[in-house]
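Peer 1: Handing you this structure, nothing more for now.
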Amino acid sequence: MNLGQFFEHWSIAENPFRGEEARDDAVFAKLSAEPVVEPDQPRTGEGDRKPLDARHSDFEKIVGDLARPSTSIVFGEKGSGKTALRLQIEARAQRHNTSNPAERVLLIAHDDLNAVLDRFHERSGQDSALESLKHFRLVDHIDAMLLWAVPRLVDALLEDPSPAGAITLGESQKKALRKLDGGAKRDLLLLQSIYDRPASAELRTGRLRRTIRLPLGGGQVAWNAALFAGWILPLAALIGWWQLGGLPDVVWWVLVAAGTVAWAAAGIKRLVLDRMAMQRLGTKVRKQVRVSSRSDASYAQSFAQLERVLASPSGLPTTDSDDTRYAMLERLRRVLSPLGYRGMLIVIDRVDEPSLISGNPEAMRALIWPLLSNKFLQMDGVGVKMLLPIELRHALYRESSAFFQEARLDKQNLVDRLSWTGAMLYDLCDARLKACLEPGAKPITLVDLFAEDVTERDLVDALDQMHQPRDAFKFLYQCLSEHCSNVTAQQQAWRVPRLVLEGVRKRQSERVQQLYRGISPA
């Protein structure tokens with residue numbers, strides 16, 4: 001017998017226990033699809049929401065109240081469901097935004113760190129990846145988050161193509177952005193000039209300024225006028241002298257000289273001194289924003305299009321001070337507020353996956369520890385969801401009391417270990433089974449797939465030894481697969497006997513224990 005025949009007998013449309021990675025798991029996607037309540041749809045209370053059977057029992061604590069975003073820190077083993085949690089948080093945020101268009105949250109996915117770390121390593125000049133990561137700062141994290149959010153906001157406003165995670169703006173929201181007060185418009189243009197994509201950032205600075213209808217500053221207009229007049233006045237004087245006459249020659253020469261001096265002064269100021277100043281400023285910013293690949297010239301061309309009060313070293317990230325980065329985050333919040341965004345949600349996941357880290361606990365520690373600052377984790381209107389590997393939990397408890405005092409983990413909704421009991425895993429697997437039944441099929445439960453002498457308690461006890469969803473799926477898949485391989489289709493043995501259950505339980509339990517001791521791979 002093959003698995004297809006087994007599933008066909010039970011009216012199971014697809015294998016419920018095949019998925020091991022939440023991002024590519026179609027069954028998980030079905031279970032995580034939260035119902036959306038439209039803004040004008042009447043809501044009668046908690047009964048309007050369909051509970052998600054695939055959620056961990058700590059999910060509500062972790063996600064919190066999205067109207068008032070808060071921080072959560074979660075430690076979990078490989079396969080414990082951290083990525084599933086991230087996807088469920090994203091689904092909850094999407095549902096919240098649809099139901100509450102005036103109190104939305106911007107979700108910033110700080111989880112694809114390969115490109116960020118590669119650029120940082122290239123800029124740092126260190127020989128090894130670990131040495132580079134030891135120089136990774138909190139401000140580098142904030143820069144990376146802004147480099148995720150700002151280009152997507154600019155894409156939406158300029159109607160340019162945007163990658164995954166794009167910010168969608170309706171026509172009314174675009175109008176709201178164009179009608180921002182002068183201060184908010186300057187904030188948006190400043191953010192774009194620093195954190196836009198390297199490929200076309202300097203070109204989009206001018207496009208954005210025209211789109212939001214932000215005029216040039218008075219000083220720039222005056223110098224541009226002087227530069228223009230420097231060409232016009234001498235030319236007009238010479239033409240007048242040649243065509244009209246009537247004035248003493250000295251007057252014409254004074255006009256020519258005045259125009260030439262204005263042109264020379266404006267030319268030297270605009271084309272030499274300003275350009276050199278912007279180049280120096282661009283160099284300073286490029287040295288500090290180490291997670292971007294923009295060049296000095298790109299920054300300089302963007303800054304040249306800003307008012308001089310904006311293109312001031314005091315307001316730009318020219319040092320490693322975190323105050324400037326906090327100010328940038330606050331600027332982003334001010335810009336987002338008229339669009340209905342009342343907060344931001346920063347989700348940090350997959351920190352063990354970048355090629356420069358490759359699961360190295362020391363490298364993960366160097367990357368994550370700068371984030372454990374109470375000032376950063378408790379920002380108003382910003383919730384940070386950190387989904388971290390269990391190795392960092394072990395490293396955390398070796399830190400000093402001064403470190404804990406700085407991080408104030410007692411205020412961060414800490415989940416010490418994302419653990420699953422046998423009963424929780426049984427409910428999860430049973431929900432997956434029900435999600436895979438064909439439409440109109442007779443309802444079944446997980447225990448129905450096993451022989452009559454196998455009780456629900458037996459399955460709960462066996463799943464309890466698996467500890468994690470990924471290992472629970474492997475266990476059940478192996479039970480079904482081994483049973484089907486040992487019987488023929490003519491036997492019509494549609495239930496897994498206890499002997500197979502016990503044999504697979506023993507082998508899988510040993511594998512899980514060896515995995516925890518580092519003896520065998522996942």
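The values are calculated or read from the model by the stated rules, or taken from the named source; none is laboratory data. Not measured: the values here are computed from a predicted model. Please note: Cβ atoms are built from the backbone with ideal geometry, for glycine as well, and neighbour counts cover all protein chains shown.
Peer 1: Here are the criteria: (1) within 17 Å of Trp10 (Cα to Cα); (2) in a loop (DSSP other than H, G, I, E, B); (3) not hydroxyl-bearing (Ser, Thr, Tyr). Tell me which single one Cys479 does not satisfy.
Peer 2: Unmet for Cys479, out of (1) within 17 Å of Trp10 (Cα to Cα); (2) in a loop (DSSP other than H, G, I, E, B); (3) not hydroxyl-bearing (Ser, Thr, Tyr): (2).
Peer 1: Looking only at region 145-171, which residues are of a type in the set (D, E, K, R) and either in contact with a Leu (Cβ under 8 Å, 6 or more places away or on another chain) or farther than 14 Å from Ala201 by Cα (or both)? Please lay out each step first, then the result.
Peer 2: If we filter region 145-171 for residues that are of a type in the set (D, E, K, R), which is where we start, we get 152, 155, 159-160, 171.
Scanning region 145-171 gives Glu159, Glu171.
Peer 1: Now for a different question. Does region 461-473 contain at least one residue that is assigned to a helix (DSSP H, G or I), assigned by TED's automatic domain parsing to the domain that holds Pro16 and closer than 16 Å to Gln5 by Cα? Reasoning before the result, please.
Peer 2: Going through region 461-473, the residues assigned to a helix (DSSP H, G or I) turn out to be 461-464, 469-473.
Next, from what is left, pick out any that are assigned by TED's automatic domain parsing to the domain that holds Pro16: 461-464, 469-473.
Checking the rest, the ones that are also closer than 16 Å to Gln5 by Cα come to none.
Among the residues of region 461-473, not one is assigned to a helix (DSSP H, G or I), assigned by TED's automatic domain parsing to the domain that holds Pro16 and closer than 16 Å to Gln5 by Cα, which makes the answer no.
Peer 1: Something else about it: Of the residues that sit in region 152-195 and are within 20 Å of the chain's Cα centre (by Cα) and touching a residue at least 60 places away in the same chain (Cβ under 8 Å), which one is farthest from Tyr341 (Cα to Cα)? Spell out how you get there, then give the answer.
Peer 2: Narrowing region 152-195 to residues within 20 Å of the chain's Cα centre (by Cα): 152-157, 160-169, 188, 191-192, 194-195.
From what's left, touching a residue at least 60 places away in the same chain (Cβ under 8 Å): 153, 167, 169, 188, 191-192, 194-195.
On the way: Leu153: 12, Ile167: 11, Leu169: 11, Leu188: 15, Leu191: 17, Gln192: 18, Ile194: 22, Tyr195: 20 Å.
For region 152-195, the residue satisfying everything is Ile194.
Peer 1: Given the residues Ser80, Ser124, which is the only one that is more than 29 Å from Glu20 (Cα to Cα) and of a type in the set (Ser, Thr, Tyr)?
Peer 2: The conditions single out Ser124.
Peer 1: Any chance you could count how many residues in region 398-444 are within 25 Å of Val63 (Cβ to Cβ) and of a type in the set (Ser, Thr, Tyr)? Spell out how you get there, then give the answer.
Peer 2: Of region 398-444, the ones within 25 Å of Val63 (Cβ to Cβ) are 404, 407-432, 434-435.
Within this subset, residues satisfying the condition of being of a type in the set (Ser, Thr, Tyr) are 419, 421, 426.
Of the residues in region 398-444, 3 are within 25 Å of Val63 (Cβ to Cβ) and of a type in the set (Ser, Thr, Tyr).
Peer 1: Another one. Given the criterion crowded, with 17+ Cβ neighbours inside 10 Å, over 27 Å from Leu459 (Cα atoms) and not small (Gly, Ala, Ser), identify the matching residue among Leu418, Leu396. Give the derivation first.
Peer 2: Details: Leu418 fails: over 27 Å from Leu459 (Cα atoms).
The conditions single out Leu396.
Peer 1: Also: Scanning region 86-109 for residues that are touching a Phe, Trp or Tyr at 6+ places or on another chain (Cβ under 7 Å) and among the aliphatic types (A, V, I, L, M), which turns out surrounded by the fewest Cβ atoms within 10 Å (Cβ to Cβ)?
Peer 2: Step one: list which residues in region 86-109 are touching a Phe, Trp or Tyr at 6+ places or on another chain (Cβ under 7 Å), which gives 88, 104-106, 108-109.
From the residues that got through so far, the ones that are among the aliphatic types (A, V, I, L, M) too are 105-106, 108-109.
Values: Val105: 25, Leu106: 22, Ile108: 21, Ala109: 18.
The selected residue is Ala109.
Peer 1: Is one or more of the residues making up region 139-150 modelled with pLDDT of 90 or more, touching a Ser or Thr at 6+ places or on another chain (Cβ under 8 Å) and of a type in the set (Asp, Glu)?
Peer 2: yes
Peer 1: Does Ile167 qualify as being among the aliphatic types (A, V, I, L, M) and modelled with pLDDT of 90 or more? Talk me through it step by step, then tell me what you get.
Peer 2: Details: among the aliphatic types (A, V, I, L, M): yes; modelled with pLDDT of 90 or more: no.
Considered against the rule, which asks whether it is among the aliphatic types (A, V, I, L, M) and modelled with pLDDT of 90 or more, Ile167 comes out as no.
Peer 1: Thr98 passes all but one of (1) touching a residue at least 24 places away in the same chain (Cβ under 8 Å); (2) not in a helix (DSSP H, G or I); which number fails?
Peer 2: (2)
Peer 1: Quick check on Arg68: is it outside the structural domain of Ala29 (by TED's automatic domain parsing), at pLDDT 90 or above and surrounded by fewer than 19 Cβ atoms within 10 Å (Cβ to Cβ)? Steps first, please.
Peer 2: Values: outside the structural domain of Ala29 (by TED's automatic domain parsing): yes; at pLDDT 90 or above: yes; surrounded by fewer than 19 Cβ atoms within 10 Å (Cβ to Cβ): yes.
Considered against the rule, which asks whether it is outside the structural domain of Ala29 (by TED's automatic domain parsing), at pLDDT 90 or above and surrounded by fewer than 19 Cβ atoms within 10 Å (Cβ to Cβ), Arg68 comes out as yes.
Peer 1: Return the pair list, or none, for Cβ contacts closer than 7 Å from residues in region 293-307 that are touching a residue at least 40 places away in the same chain (Cβ under 8 Å) to residues that are part of a loop (DSSP other than H, G, I, E, B), at least 6 apart or on different chains.
Peer 2: Ser293/Pro198; Arg294/Pro198; Ser298/Pro198; Phe303/Ala311; Glu307/Gly217
Peer 1: Quick check on region 284-334: of everything there that is assigned to a helix (DSSP H, G or I) and polar (S, T, N, Q), which residue is farthest from Asp140 (Cα to Cα)? Give the steps one after another, and end with the answer.
Peer 2: Going through region 284-334, the residues assigned to a helix (DSSP H, G or I) turn out to be 284-288, 296-303, 313-315, 322-334.
Those still in the list that are polar (S, T, N, Q) too: 288, 298, 301-302, 314, 324.
On the way: Gln288: 8, Ser298: 19, Gln301: 23, Ser302: 21, Ser314: 18, Thr324: 12 Å.
Only one residue tops the list, namely Gln301.
Peer 1: Hey, another quick one. Regarding region 434-444, can at least one residue be identified that is in contact with a Gly (Cβ under 9 Å, 6 or more places away or on another chain), at negative phi and surrounded by 19 or more Cβ atoms within 10 Å (Cβ to Cβ)? Give the derivation first.
Peer 2: Step one: filter region 434-444 for residues in contact with a Gly (Cβ under 9 Å, 6 or more places away or on another chain), giving none.
No, region 434-444 contains no residue that is in contact with a Gly (Cβ under 9 Å, 6 or more places away or on another chain), at negative phi and surrounded by 19 or more Cβ atoms within 10 Å (Cβ to Cβ).
Peer 1: Quick check on Ala262: is it at pLDDT below 90, in contact with a Phe, Trp or Tyr (Cβ under 6 Å, 6 or more places away or on another chain) and among the small types (Gly, Ala, Ser)?
Peer 2: No.
Peer 1: Kindly provide the set of residues from region 180-220 that are in contact with a Pro (Cβ under 8 Å, 6 or more places away or on another chain), modelled with pLDDT under 90 and not in a helix (DSSP H, G or I), ordered by number.
Peer 2: Leu180
Peer 1: Does Leu356 satisfy the condition of being outside any helix (DSSP H, G or I) and not polar (S, T, N, Q)? Step through it out loud before you land on a result.
Peer 2: Details: outside any helix (DSSP H, G or I): yes; not polar (S, T, N, Q): yes.
Taking the combined requirement at face value, the residue satisfies it.
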